[in-house]
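Data block below; observations after.
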Amino acid sequence: MELNREQAWALVTEWTASESLRKHMLAVEAAVRGYAREFGEDEDGWGVVALLHDFDYERYPDQENHPFRGIEVLKERGYPEWVTRAILSHAEYSGVPRESRLEHTLYACDEMSGFITAAALVRPSKSLLDLEASSVVKRMKDKAFARAVNREDLRRGAEELGLALDVHIGNVIRFMRVQADALGLRGTL
């Protein structure tokens with residue numbers, strides 16, 4: 001099966017009504033595509049994986065079903081094993097260890113893109129365009145800010161990529177800026 005972004009986006013929109021969840025998947029896609037470019041990997045393939053990683057979450061928001069039900073759908077539609085395995089590996093509880101560079105990248109970008117989005121939205125400008133890594137690091141120290149995000153997961157993601165935390169944050173911000181309009185994060189700039 002040849003991976004096709006348009007088909008992947010159609011699946012996302014069929015399964016996900018929430019605008020914020022759709023934007024999350026677009027943010028993760030932007031970040032993972034950015035790393036694919038940096039690493040000389042298949043940007044389109046990696047992008048499809050990132051775009052689809054949470055497509056079933058709205059219907060199945062519990063650990064017993066997400067991402068397992070979505071994986072069943074992807075397999076029925078002929079998605080290759082490397083795609084389904086990467087999506088399974090992004091969930092710590094799935095029992096699928098992260099092994100490939102794609103798997104580590106998806107994990108590292110998933111929670112980080114959400115945290116960066118939250119950090120951008122509390123800025124006066126509500127923009128990614130003036131957000132700096134140091135601001136995000138500072139927000140990570142504030143336990144009340146985006147308290148549902150496990151800071152250790154953010155740190156572990158950077159470690160799995162072999163990057164310093166501030167470098168990883170800076171990369172994800174830079175990659176997401178390319179899609180600031182689609183993410184609703186251009187703000188007032």
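Just a few scattered comments:
- Rounded to whole Hz, the Karplus (6.51, -1.76, 1.60) HN-Hα couplings of the stretch 113-123, x for glycine and proline: 5, x, 5, 5, 4, 4, 5, 5, 5, 8, 6
- In sequence order, the stretch 174-189 has phi-based couplings of 4, 5, 6, 4, 4, 10, 3, 5, 4, 8, x, 10, 6, x, 8, 8 Hz under the Karplus curve 6.51 cos²θ - 1.76 cosθ + 1.60, θ = phi - 60°, and Gly or Pro positions carry x.
- Between helix 151-160 and the chain there is an angle of about 70 degrees, using the helix long axis and the longest principal axis of the Cα atoms.
- Per-residue extension of 0.36 nm, minus the Cα-Cα distance of Arg5 and Arg101, leaves a gain of 32.5 nm for this segment.
- Springs between Cα atoms under 10 Å define the GNM used for the chain, and in it the highest mean-square fluctuation of Arg69, Arg147, Arg85 occurs at Arg147.
- Paramagnetic label zone (point 7 Å from Cα along Cα-to-C-beta, Arg174; backbone N under 20 Å) in the stretch 122-143: 127-138
- Close Lys-Lys pairs in the chain, where close means Cα under 30 Å and separation is 8 or more or interchain: 8
- Normalised by the number of residues in the stretch 5-183, the mean separation of alpha-carbon contacts (under 8 Å, six or more apart) gives a relative contact order of 24 percent.
- Mean separation of Cα pairs under 8 Å and 6 or more residues apart, divided by the residue count, gives the stretch 37-122 a relative contact order of 20 percent.
- Cβ-based charge dipole, the stretch 40-98, positive-most Cα from Ile71, Val49, Ala86: Ile71
- With each label modelled as a point 7 angstrom along the Cα→C-beta vector, the Glu19-Leu129 pair spans 2.0 nm.
- Between 0 and 90°, nearest 10: helix 43-52 axis offset from the chain longest Cα axis: 90 degrees
- Within the chain, longest stretch clear of exposed GluC sites (Glu not before Pro) (DSSP loop, no more than 10 other Cβ within 10 Å): 65-189
Computed from the coordinates by the stated procedures, all read-outs in this text should not be read as laboratory data. From a predicted model like this one, the values you see are computed outputs, not experimental measurements. Glycine gets a Cβ as well: all are built from the backbone with ideal geometry, and neighbour counts include every protein chain shown.
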